[in-house]
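Participant: Structure incoming, see below.
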Amino acid sequence: MTVGAAQLRASLFRRHGAAVSRRAKTTVTTAFLAMGAAYVLVPIYWLVVASSKTNSQLFSTPTFLPPAHPSWASNFKDLFTYQNGDFGWWLLNSFIYSSVTAALGATVSTLCGYGLAKYSFRGRRVVFALVVGSLMVPATALVVPLFLLEHFMGLTNTYQGVILPLVVYPFGVYFMSIFAADAVPDNLVDSARVDGAGEMRTLWQIGRPLLMPGIVTLFLLSFIGTWNNYFLPLVLLGTESRFPLTVGLSAWLSSISSVGAQPIYPEIILGSFVSVLPMLILFPFLQKYVARGLTLGAIAGE
Amino acid sequence: MAVQVGSASASSPVRVMVPSRGTTPRQPPLRAAQGRSGLLMTGPFLALFAVFFAGPFVYSIVLSLRSPLTGAYSGLFNYRTVMSNGEFWSGVVRMGYFGVVQVTVMICLAIGLALLLDSPYCRAKKLFALIYFLPYAVPGVIAAIMWGFLLEPDLDGALGVPHQLGLASGPVQPLDYRLALYAIMLIVTWEWTGYNMTILLTSLTNVPHQVIEAAKVDGASELSIAARIKLPMVRRTVMFTIMLSIIGTLQLFNEPVILNEIATTGSALTPNQIIYNTAFAFGNEELAAAQSVVLAGITIVATIAFFGIVRRRMGPFGATRAAAK
């Protein structure tokens, strides 16, 4: 496109006005974005402030102002000693449930997704249809029958009873089948084969390094999903010492409303803070892996 | 998208160096062995899937056909009970209303924020994108506890301000049974707007540069670029986020349960709460199974109907396209 001298002059004149309006637009844009950020950050800010207050301060001091003397130390002590220190177990349990589920889930989904992407075998279409079909079945609809089946198998109220159903991660398989198709070139797999490597060795030595970003994504999605899960462990677990954080804190919450209950608001608030702290600290580093997992499903068809 | 083994390799250097295989790209025995390895790799998933997914799925159907009293086969008895169960259907209708209001607000917010972040007027894009995405790392239970306490007048003095100014007869009670649904909307919007925004933003980043540059050369304003170029190009992703949100709405459980603990909002608001109560408060697992099957059916029909509409209007996308390959 050619720009004539007159046009050029006109655009230079416009540019001065544009600079002013550009600054105004930037200000307006930033103002809107800041409002959105405030919506997200206000409750988190409140959680930090409130977790430093005593029970009476929670009801008497201004909601969003920190107390003169933060009581984190004594609140921490109360949090980890209340009810024989159940909270410490919940924290440990959440780590166990999440890390074991994520490790097994990422492994199983990667194997299956790679198998679907790189091999042709009888039944491949059926397996793929099962995976995609089960994406539509809401997992919560399976909780009641799952409870009864696990009851027959003696799995309720056990760690494996919570972990194994969550290892089944149809989205993970779907994700990995798309990821592996692009990430592992066929001629690389072929040359490994010609060099005499077995299929599993090819996957381990050639596939694994190429698939690693996808595996990390699956691990994180599964870890966060399990850490945040409530419905499934609520139904499957009965013993307080096996609860994850979500179920434990909701049990404390319901004990508040019972008659003659102890006012354990500081414990619940600090407990909530401790439950989100590890992920909030790690999130800036993990964000891009997590985002890739969410977006790949949505963008695959475009 | 999935490329079949050996299909493109006849010309690869390795193949050329091996004369016996260079002539025929695929050798049946090797292919069969490779196929077996593929099947073996899906084995662990399929085994666990059978026990912990397909098993409960089939069992819920079997259970739903049994009598709650005798355990004997009772045909569609439980389904007739579900059909005439006013509480269950008002829960479903309530979620329909929730979906129309909350999903609309949330998706509009997510689109707006994503377009702002993608515009040339945005500063500190990475920081904002991170902040919006943070709630994804917060469990629904904890989000509900935070907001529940913030919406509770005893704990949040700000809710008493209208009363002190003489504008209300008492402190604002957002967790009152009449307003609880809107409190849940506020919490769910807080939790999921950034998630949807993240999906949309990635999709916006994939819009070809040349198209936008061409529009700029033609003198299009940023606003019209956003409305006429960017938005139409990510419309499939928008549809995808709407669909995910509808599915999520039908499954709501954590937030209403937690708010009920804080403020005793009373009755079960969502279908999943009703199913939980049917099974574990009233011990009627057969009826709960039937309710689960109906809810899953509603979800699947809604998903397929949505895919159908989108597909007819925009062509295949996402999971449907992958399924067809």
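The values are calculated or read from the model by the stated rules, or taken from the named source; none is laboratory data. These figures come from a predicted structure and were not determined experimentally. Note that each Cβ is placed from the backbone with ideal geometry, even for glycine, and that neighbours are counted across all protein chains shown.
Participant: Suppose we filter A:VAL162, A:VAL173, A:VAL189 for residues that are under 30 Å from A:LEU47 (Cα atoms) and either assigned to a helix (DSSP H, G or I) or modelled with pLDDT under 95 (or both); which single one remains?
Facilitator: On the way: A:VAL173 fails: under 30 Å from A:LEU47 (Cα atoms); A:VAL189 fails: under 30 Å from A:LEU47 (Cα atoms).
Testing whether each residue is under 30 Å from A:LEU47 (Cα atoms) and either assigned to a helix (DSSP H, G or I) or modelled with pLDDT under 95 (or both) leaves just A:VAL162.
Participant: Shifting gears a bit: In segment A:55-80, which residues are among the β-branched types (Val, Ile, Thr) and either over 24 Å from A:LEU280 (Cα atoms) or touching a Pro at 6+ places or on another chain (Cβ under 6 Å) (or both)?
Facilitator: Taking segment A:55-80 and keeping what is among the β-branched types (Val, Ile, Thr), we get A:61, A:63.
Once the filter is applied, which keeps residues that are among the β-branched types (Val, Ile, Thr) and either over 24 Å from A:LEU280 (Cα atoms) or touching a Pro at 6+ places or on another chain (Cβ under 6 Å) (or both), segment A:55-80 yields only A:THR61.
Participant: Restricting attention to segment A:163-217, which residues are of a type in the set (S, T, N, Q) and within 8 Å of another protein chain (Cβ to nearest Cβ)? Steps first, answer last, please.
Facilitator: At the first step, the residues of segment A:163-217 found to be of a type in the set (S, T, N, Q) are A:177, A:187, A:191, A:202, A:205, A:217.
Hits for segment A:163-217 are A:SER177, A:ASN187, A:SER191.
Participant: Here's a follow-up. Tally time: how many residues in segment A:77-129 are farther than 27 Å from B:ALA137 by Cβ, of a type in the set (Val, Ile, Thr) and within 14 Å of chain B (Cβ to nearest Cβ)?
Facilitator: So the answer is 2.
Participant: Name the single residue that is nearest to the other protein chains (Cβ to nearest Cβ) among those in segment B:297-312 being closer than 17 Å to A:LEU135 by Cα and free of Cβ contacts under 8 Å to residues at least 12 places away in the same chain. Break it down stepwise before answering.
Facilitator: Just the residues of segment B:297-312 that are closer than 17 Å to A:LEU135 by Cα, to begin with: B:297-308.
Remaining after also requiring free of Cβ contacts under 8 Å to residues at least 12 places away in the same chain: B:297, B:300-301, B:304-305, B:308.
Values: B:GLY297: 9, B:ILE300: 5, B:VAL301: 10, B:ILE304: 8, B:ALA305: 12, B:GLY308: 13 Å.
It comes out as B:ILE300.
Participant: Looking at B:TYR132, B:TYR97 in this structure, which one is in a helix (DSSP H, G or I) and under 30 Å from B:ILE225 (Cβ atoms)? It would help to see each step written out before you state the result.
Facilitator: Numbers: B:TYR97 fails: under 30 Å from B:ILE225 (Cβ atoms).
After ruling out the rest, the residue left standing is B:TYR132.
Participant: Still on this model: List the number of the failed condition for A:VAL108; all other conditions in (1) touching a Pro at 6+ places or on another chain (Cβ under 9 Å); (2) modelled with pLDDT under 95 hold.
Facilitator: (2)
Participant: Then there's this: Take the conditions surrounded by 23 or more Cβ atoms within 10 Å (Cβ to Cβ) and more than 10 Å from every other protein chain (Cβ to nearest Cβ) and apply them to B:LEU252. Does it pass?
Facilitator: On the way: surrounded by 23 or more Cβ atoms within 10 Å (Cβ to Cβ): yes; more than 10 Å from every other protein chain (Cβ to nearest Cβ): no.
So B:LEU252 does not fit the description; no.
Participant: A further question follows. Only one of A:THR29, A:THR63 is in contact with an Asp or Glu (Cβ under 7 Å, 6 or more places away or on another chain), facing chain B (nearest Cβ under 7 Å) and either modelled with pLDDT under 95 or surrounded by 11 or more Cβ atoms within 10 Å (Cβ to Cβ) (or both). Can you tell me which? Working first, answer last.
Facilitator: On the way: A:THR29 fails: in contact with an Asp or Glu (Cβ under 7 Å, 6 or more places away or on another chain).
When all the criteria are applied, what remains is A:THR63.
Participant: Okay, next question. Suppose the filter is farther than 29 Å from B:GLN291 by Cβ, in contact with a Leu (Cβ under 8 Å, 6 or more places away or on another chain) and assigned to a helix (DSSP H, G or I); does A:SER99 pass it? Even if it seems obvious, please write down each step before you answer.
Facilitator: Working: farther than 29 Å from B:GLN291 by Cβ: yes; in contact with a Leu (Cβ under 8 Å, 6 or more places away or on another chain): no; assigned to a helix (DSSP H, G or I): yes.
No.
Participant: Keeping to segment A:218-245, report how many residues are part of a helix (DSSP H, G or I), out of contact with any Leu (no Cβ under 8 Å at 6 or more places or on another chain) and of a type in the set (S, T, N, Q).
Facilitator: Selection size over segment A:218-245: 2.
Participant: Turning to a different aspect of this structure: Which residues, counting only those in segment A:99-129, are in contact (Cβ under 8 Å) with a residue 40 or more places away in the chain, over 23 Å from A:THR202 (Cβ atoms) and surrounded by fewer than 23 Cβ atoms within 10 Å (Cβ to Cβ)?
Facilitator: Within segment A:99-129, A:SER99, A:VAL100 meet the criteria.
Participant: Another question about this same structure. Within segment A:130-148, can you find the residues that are facing another protein chain (nearest Cβ under 7 Å) and more than 21 Å from B:GLY43 (Cβ to Cβ)?
Facilitator: A:MET136, A:VAL137, A:PRO138, A:THR140, A:ALA141, A:LEU142, A:VAL144, A:PRO145, A:LEU146, A:LEU148
Participant: So A:ALA197 passes all but one of these: (1) more than 23 Å from A:SER94 (Cβ to Cβ); (2) at pLDDT 85 or above. Which condition number does it fail?
Facilitator: Exception for A:ALA197: condition (2).
Participant: Pick from segment B:63-90 the residues that are part of a helix (DSSP H, G or I) and free of Cβ contacts under 8 Å to residues at least 40 places away in the same chain: which of them is surrounded by the fewest Cβ atoms within 10 Å (Cβ to Cβ)?
Facilitator: Here is the first cut: in segment B:63-90, the residues part of a helix (DSSP H, G or I) are B:63-64, B:77-83, B:86-90.
Going one step further and asking which of them are free of Cβ contacts under 8 Å to residues at least 40 places away in the same chain, we end up with B:77, B:80, B:83, B:86, B:89-90.
Working: B:PHE77: 18, B:ARG80: 12, B:MET83: 12, B:GLY86: 7, B:TRP89: 15, B:SER90: 14.
By that ranking, first place goes to B:GLY86.
Participant: Return the residues of segment B:258-292 that are facing chain A (nearest Cβ under 7 Å), touching a residue at least 12 places away in the same chain (Cβ under 8 Å), of a type in the set (Val, Ile, Thr) and farther than 21 Å from B:THR193 by Cα; say none if nothing qualifies.
Facilitator: B:ILE262, B:ILE275 - these are the residues of segment B:258-292 that are facing chain A (nearest Cβ under 7 Å), touching a residue at least 12 places away in the same chain (Cβ under 8 Å), of a type in the set (Val, Ile, Thr) and farther than 21 Å from B:THR193 by Cα.
Participant: Provide a single number: the residues in segment B:108-118 that are in contact (Cβ under 8 Å) with a residue 24 or more places away in the chain and touching a Leu at 6+ places or on another chain (Cβ under 9 Å).
Facilitator: Taking segment B:108-118 as the starting set, the residues that turn out to be in contact (Cβ under 8 Å) with a residue 24 or more places away in the chain are B:109-111, B:113-115, B:117-118.
This time we only want the ones that are touching a Leu at 6+ places or on another chain (Cβ under 9 Å), so: B:110-111, B:113-115, B:117-118.
Total meeting the criteria: 7.
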